[in-house]
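Just below is one structure, and these are the notes that go with it.
What follows draws every value from the coordinates through simple rules; no lab data is involved. Just so we're clear, the structure is a prediction, and the values are computed from it rather than from any experiment. Positions of Cβ are backbone-derived with ideal geometry, glycine not excepted, and every protein chain shown enters the neighbour counts.
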Amino acid sequence: MNLQYYKEHILPISQKLFRFAFRIVGDQAEAQDITQEILIKVWNKRNDWDYIDNMEAWCIKMTRNLSIDKLRSKHRRTQDVDEIFHLKDSGASPLESVQSNDTIAHIRKLMQQLPQVQAQVMHLRDIEEMSYKEIMAQLDLTMPQVKTNLFRARTKIKHLLNKEGNGLRQHSNIAR
Amino acid sequence: MDYDNIPILLDKYFEGASSLAEEAQLKAFFAQDDISEDLAIYRPLFQWQAKEQEVQLPAAFEANLLSTIEQQQSPGIFKRLLLHPMSRAAAVVFLAVGMWWAYQTDSTTVVADSNTINWAAYEPKTPEEALSITREAMIMISKELNKGTSRVAKEVVKVRQLGRID
């Protein structure tokens, strides 16, 4: 029965879809709406399920496309691309920045500095703990593309963390 | 757990060469409180990963979604009537009654109409008039036959142009 299959095979991936949408749009309420929209779309396409080889990959692709569309329309509404894609200088010192309790939000902001594909590959690997093959299927990339994007993403994050770490040390030395 | 190899694993991680098991080891290491200063700068990254894995949809999400789907799935009154097992039998009975009624109405009308026609008014009065009517009828039939023949000839020409008949 369709509903039974839906409950057993599709609903369990809703959390993954939600986190993936959240990674792209950066807003929990919007990510929830996107997830719901995708899951309803999947249900409405139930007559085509037999023709879909990898249901999870198909759902992830739809989530990615819809999230990017929402993000684009948000850009058009706000005209503030920097706010979404780049870390705005808050004026806080490296010490204040690193010592803030909101380290999670801070890393999220660093992640927003990455190109979309790099951030998506890093998310699927580090958060969803997918193998390279799974990431290839989800994002329609080749193995070298997956590895290159992951390498570049992690290197960039490392560079940003090191930069902040050095700033922090310098700040501590001056304070002494 | 052996954490001596953490710097090596960390290098592999940033090069994108670590396995999922090695990455799990790094996550476990950075979940500890006591970490050396040179490695502590990477802690937020692994804390972020652990926190992101905890991001969940609200508990009521699934129930709300299923209720939306069930609402969409439940058919309206008309559709429900159509899907009823007796609907086919009812349709057959309805059609039969309809056809019987139509037949009754039509035959009654034809009989009634034909009774009111004064057929004597259409009878030819003289042999010349009968001949003229017959001639007109024959000319009309001849025209229609000619039309049909020329239409067929045109179609044959078209088909020949398509190369289907040599």
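When +1 charges are put on Lys and Arg Cβ atoms and -1 charges on Asp and Glu Cβ atoms, the dipole computed for chain B relative to its Cα centre reaches about 2060 debye. Our coupling estimate for segment B:152-159, obtained by passing each phi through the Karplus curve with A = 6.51, B = -1.76, C = 1.60 and θ = phi - 60°, is 5, 4, 4, 5, 4, 4, 4, 5 Hz, Gly and Pro reported as x. Working from the Cα coordinates of segment B:1-73, the gyration tensor eigenvalues give, after taking √(5λ), semi-axes of 39, 14, 9 Å in decreasing order. When Rg and the Kirkwood Rh are both derived from Cα coordinates, the Rg/Rh ratio for chain B amounts to 1.61. What's the center-to-center distance, using Cα atoms, between segment A:29-79 and segment B:31-105 in Å? If we compute the Cα centre of each part, the gap is 14 Å. In chain B, taking the dipole from charged Cβ atoms about the Cα centre, the farthest positive-side position among B:W101, B:Q32, B:S67 is held by B:W101.
Here the calculated FRET efficiency for B:D106 and B:T68, from their Cβ-Cβ distance with R0 = 51 Å, stands at 0.50, rounded to the nearest 0.05.
How many partner chain Cβ atoms sit within 10 Å of a residue's Cβ in peptide B:52-65, on average, as a whole number? Write down the numbers at each step before the final one.
Working: counts 11, 6, 1, 9, 4, 11, 3, 0, 0, 8, 6, 0, 1, 8.
For this peptide, the per-residue mean of nearby foreign Cβ atoms is 5.
Among A:158-164, B:59-65, A:35-41, B:110-116, the peptide with the highest mean count of other Cβ atoms within 10 Å heads the list, and the full ranking is A:35-41, A:158-164, B:59-65, B:110-116.
Taken about its Cα centre, segment B:120-166 carries a charge dipole of about 480 debye when Lys and Arg each add +1 at the Cβ and Asp and Glu each add -1 at the Cβ. By the rule of a C-alpha distance below 20 Å, with chain neighbours fewer than 8 residues away ignored, no lysines are paired with B:K79. Straight Cα distances below 13 angstrom link B:K27 to the aspartates and glutamates A:D126, A:E129, B:E52, with same-chain residues fewer than 8 positions distant left out. Placing R0 at 41 angstrom, the Cβ-Cβ distance between B:V159 and B:R135 gives a FRET efficiency of 0.65 after rounding to 0.05. Need one number: the % of Cα-Cα pairs in segment B:120-166 sitting beyond the 16 Å mark. So the portion of pairs separated by more than 16 Å is 60 percent. Across segment B:56-66, rounded Karplus estimates of 3J(HN,Hα) from the backbone phi angles (6.51 cos²θ - 1.76 cosθ + 1.60, θ = phi - 60°) give 10, 6, x, 4, 7, 4, 4, 5, 4, 4, 5 Hz, Gly and Pro being marked x.
With the cut-off at 20 Å, tell me which of the pairs A:K133/A:K158; A:K147/B:K12; A:K16/B:K51; A:K74/A:K109 have Cα atoms farther apart than that. Working shown, then result.
On the way: A:K133/A:K158 24 Å; A:K147/B:K12 12 Å; A:K16/B:K51 14 Å; A:K74/A:K109 18 Å.
Correct reply: A:K133/A:K158.
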